[in-house]
Amino acid sequence: MSQLAAPILVQNDPWLQEQSGAIQHRIDHFQQKLAEIESSHGSLYDFANSHELLGIHYSEDEKIWSINEWAPNAKSVSLVGDFNHWDGDNCPLNRDNTGVWSTQLDGSALKHGDKVKLRILGADYSLRDRIPATIKRAIQDQSSHDYSGQVWHENSPYVWQHEFDPSVVNAPMIYEAHTGMAGEEPRVHSYREFADNTLPRIADLGYNTIQLMAVQEHPYYGSFGYHVSNLFAPCSRFGSPDDLKYLVDKAHGLGIAVIMDIVHSHAVKNLAEGLNEFDGSDNKYFHSGEKGNQPQWDSKCFDYAKTEVCQFLLSNVRYWLEEFRFDGFRFDGVTSMLYDHHGSVAFDHYDKYFSNGVDQDAVLYLQLATTLAEQIKPGVINVAEDMSGMPGLCRPIHEGGIGFTHRLAMGLPDYWIKLLKHKTDEEWSVNAIWETLTNRRHGEPNIAYAESHDQALVGDKTLAFWLMDKEMYWHMAAEDNHPVIERGVALHKLIRMITACIGGEGYLTFMGNEFGHPEWLDFPREGNEWSYHYCRRQWSLVDNEELRYASLNNFDRSLVQACSEHHILSAPQANQLCCNEGDHLIAFERANVIGIVNFHPTQPYQDYHISVPSHGVYKVILSSDDSAFGGHNSISPQQEYHTFDGPHGPTISFNLSERAGLLLKKV
């Protein structure tokens, strides 16, 4: 009797042979669960319907309101709100044998905009007013700061203007953005302001994808949107649900995909706003006891094994894709989801990815989530925030993978920051740079980035600040040749150029970092007297042509354009042409583009030879030393490089200034 073939993931990576059984179990576990769902509900799509069954819904045909809530351990539930003067005896709900509490109200009982809550007598005999779990809008009272659910039933639904197919995005060039801080004034900015003022900037730079942060409602602004309380409610700080739809619609009109940070890895602990102890028990949505706590984030961990929780979260995936037409997700905290230890170990052996410590229920949930998203929106972009490097995370499920389309290359920004903190330019190893940027699993696409919002937060520094620090406040005039600024501007461009070109199959920057925004991010908090001064983006700096921020912005635009026009990121990994440690020079080929980067702090090169893949004439498509980018124009844009026969085949000769980079393409 012949042995069954190993999973494709193992066939493609023989080092996984010992994990073959565990990988096959993942495939079987998924197929078994999917079959169960299809048997009980007809399809995975129909299973993901918690937002349709639970919550507050109005029937146009019957002219009635239906109120339904899953609270299996509660002793009593009633609806309170503006409509009944918050009288807990006025509108009781009745429990069925599945733990769902329900009632119906006449169509005139509730109206659009009414504030509502559920008054729940819990299993622990606590009496609390709670926000319905699938509420579509939650708002905060400006005087008391308390949150309430809000009935949202507009007479005229939003009329979409633009269709968009995310499958046209072959290689995501992602602009990570936060709506509230996207303006220059020290305040919270709106979805519509972002759409009208920030989107044109993103489109001008050439990014084809926006990653929108802080979309799901969260009680603490300073959490960056990662302590979610109401998973189905768009953050009301920035405007109405229709305002968010306007933002997505306008982006689609500009040919830009919009993905959102979706937080299914944990939830806020707050009893007043969130799901914690919703029915008076500690194990309704979350694991009971200590397993239900995420100690690093002071938050609660979902119990993915529970059918109702899995259904609730999958419904959330469906809701954002359908109701707001998002083109995918950046799944937050995937490492924390995948492991009982939340990633607090060294991943030094394949056993760590498949054996003890792995939450197999979370693996299954993510497989279902990526499958559902692809079914609803073919070509969906699903990015995993994972630092563990789990093999197969970005491979199809039938191969033994989890089904994400991309993984964030989280080690890259850490590497650049470490390099800038601990080594002088002369100590940089180009071999180490090459190894760091190209060391990734073949066939599992990565989103490369030199810095994201993490590096911009107070307590850390952006690359620009590591490079130029306080000198940015005094010497950023275009005509000021201060040596610290000269070095900083040059390296800011080179780090981005080489990271984008060889670091992954996609690229990401955080709003403002592309032009070297000079200040850190600091949300309003008690420690800064609730100031918004650092919770904004100073676009006036980049709009001032007399400052070097404009030249960095120009470079970013040209880099994104070069990567897009020449399909650099959708090509196979780069081939090394030269990595000369003594000369601090790296040359590579990717997508028939030749990249040359001279990291040497003082040494320009004349008549430098490198071998190239084929004979021909090469022309400059990008030079970091162009005067439009704050450089010294050492290379003419019209410069041509003719190959000749060298000792190792076709060769070109070039001149290149210190701390400068070139991208060449054969004519």
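Miscellaneous remarks
- Some residue of the stretch 332-350 being assigned to a loop (DSSP other than H, G, I, E, B), more than 27 Å from T371 (Cα to Cα) and of a type in the set (S, T, Y): yes
- Checked against (1) within 23 Å of V168 (Cβ to Cβ); (2) surrounded by fewer than 24 Cβ atoms within 10 Å (Cβ to Cβ); (3) under 20 Å from the mean Cα position of the chain (by Cα), T370 passes all but condition (2).
- Qualifying residues in the stretch 1-48 (those that are in contact with a Lys or Arg (Cβ under 9 Å, 6 or more places away or on another chain) and not aliphatic (A, V, I, L, M)) - the one surrounded by the most Cβ atoms within 10 Å (Cβ to Cβ): P7
- Residue match in the stretch 643-657 (condition: over 24 Å from A500 (Cα atoms), among the charged types (D, E, K, R), at pLDDT 95 or above and in a strand (DSSP E or B)): yes
- Residue in the stretch 587-606 that is part of a helix (DSSP H, G or I), in contact (Cβ under 8 Å) with a residue 24 or more places away in the chain and not acidic (D, E) present: no
- Residue tally, condition under 17 Å from the mean Cα position of the chain (by Cα) and open to solvent by less than 30 Å² (accessible area, probe 1.4 Å), over the stretch 446-470: 10
- Residue within the stretch 152-171 that is open to solvent by less than 50 Å² (accessible area, probe 1.4 Å), in contact (Cβ under 8 Å) with a residue 24 or more places away in the chain, within 21 Å of E322 (Cβ to Cβ) and outside any loop (DSSP other than H, G, I, E, B) present: yes
- Selection over the stretch 73-87 of residues that are closer than 19 Å to K111 by Cα and open to solvent by less than 40 Å² (accessible area, probe 1.4 Å) gives a count of 5.
- Filtering D124, D106 for residues that are surrounded by fewer than 19 Cβ atoms within 10 Å (Cβ to Cβ), farther than 20 Å from S281 by Cα and out of contact with any His (no Cβ under 8 Å at 6 or more places or on another chain) leaves a single hit, D106.
- Residues of the stretch 40-86 that turn out to be outside any strand (DSSP E or B) and under 27 Å from E154 (Cβ atoms), as a count: 18
- Looking at the stretch 209-324, none of the strands (runs of 3 or more DSSP E) lying wholly inside it contains 2 or more residues that are touching a residue at least 60 places away in the same chain (Cβ under 8 Å) and surrounded by fewer than 21 Cβ atoms within 10 Å (Cβ to Cβ).
- Residue, surrounded by the most Cβ atoms within 10 Å (Cβ to Cβ), within the stretch 133-148, restricted to residues that are over 27 Å from the mean Cα position of the chain (by Cα) and either at positive phi or not charged (D, E, K, R) (or both): S148
- Taking the criterion of being farther than 21 Å from L408 by Cβ and within 19 Å of the chain's Cα centre (by Cα), the only residue of the stretch 290-315 that qualifies is L314.
- Flag if V489 is in contact with a helix residue (DSSP H, G or I) (Cβ under 9 Å, 6 or more places away or on another chain), part of a helix (DSSP H, G or I) and without any contact (Cβ under 8 Å) to a residue 60 or more places away in the chain: no
- Lone qualifier among H145, H189 - being over 26 Å from N446 (Cα atoms), modelled with pLDDT under 95 and part of a loop (DSSP other than H, G, I, E, B): H145
- Flag for G392 being free of Cβ contacts under 8 Å to residues at least 40 places away in the same chain, buried (at least 20 other Cβ atoms within 10 Å of the Cβ) and either part of a loop (DSSP other than H, G, I, E, B) or among the small types (G, A, S) (or both): no
- Here H566, H615, H584 are screened, and the one residue that is open to solvent by less than 70 Å² (accessible area, probe 1.4 Å), under 30 Å from N170 (Cβ atoms) and modelled with pLDDT of 95 or more is H566.
- Considering (1) under 30 Å from Q150 (Cα atoms); (2) crowded, with 21+ Cβ neighbours inside 10 Å; (3) out of contact with any strand residue (DSSP E or B) (no Cβ under 9 Å at 6 or more places or on another chain), the lone condition that H51 does not fulfil carries the number (3).
- Members of the stretch 400-433 found to be under 20 Å from Y507 (Cβ atoms), in a helix (DSSP H, G or I) and open to solvent by 30 Å² or more (accessible area, probe 1.4 Å), listed by number: G411, D414, Y415
- Looking only at residues in the stretch 109-121 that are charged (D, E, K, R) and open to solvent by less than 40 Å² (accessible area, probe 1.4 Å), the one that is farthest from D242 (Cα to Cα) is K117.
- Residue check, V430 without any contact (Cβ under 8 Å) to a residue 24 or more places away in the chain and not polar (S, T, N, Q): no
- The residues listed here are Y532, Y549, Y507; of these, the one that is under 20 Å from T198 (Cβ atoms) and in a loop (DSSP other than H, G, I, E, B) is Y532.
- Criterion (surrounded by 18 or more Cβ atoms within 10 Å (Cβ to Cβ), modelled with pLDDT under 95 and touching a strand residue (DSSP E or B) at 6+ places or on another chain (Cβ under 9 Å)) met by exactly one of D556, D522: D522
- F515, sole failed condition from (1) open to solvent by 10 Å² or more (accessible area, probe 1.4 Å); (2) free of Cβ contacts under 8 Å to residues at least 60 places away in the same chain; (3) touching a helix residue (DSSP H, G or I) at 6+ places or on another chain (Cβ under 6 Å): (1)
- Among the residues of the stretch 329-345, the ones that are on the phi > 0 side of the Ramachandran plot and either polar (S, T, N, Q) or surrounded by fewer than 22 Cβ atoms within 10 Å (Cβ to Cβ) (or both) come to 2 in all.
- Meets criteria (open to solvent by 20 Å² or more (accessible area, probe 1.4 Å) and either of a type in the set (G, A, S) or in contact with a strand residue (DSSP E or B) (Cβ under 7 Å, 6 or more places away or on another chain) (or both)) for G631: no
- Restricting attention to the stretch 397-444, the residues that are in contact with a Pro (Cβ under 8 Å, 6 or more places away or on another chain) and of a type in the set (K, R) total 2.
- Residue within the stretch 54-73 that is modelled with pLDDT of 95 or more, touching a Cys at 6+ places or on another chain (Cβ under 7 Å) and among the β-branched types (V, I, T) present: no
- Condition check for W70: open to solvent by less than 30 Å² (accessible area, probe 1.4 Å) and over 19 Å from S148 (Cβ atoms): yes
The values are calculated or read from the model by the stated rules, or taken from the named source; none is laboratory data. Fair warning: this is a prediction, and the values are worked out from it, not measured in the lab. Reconstructed Cβ throughout: ideal geometry from the backbone, glycine too, with neighbour counts over all protein chains shown. Heavy atoms of the whole protein, side chains included, go into the accessibility calculation; ligands, DNA and RNA do not. Shrake-Rupley method; radii C 1.70, N 1.55, O 1.52, S 1.80 Å.
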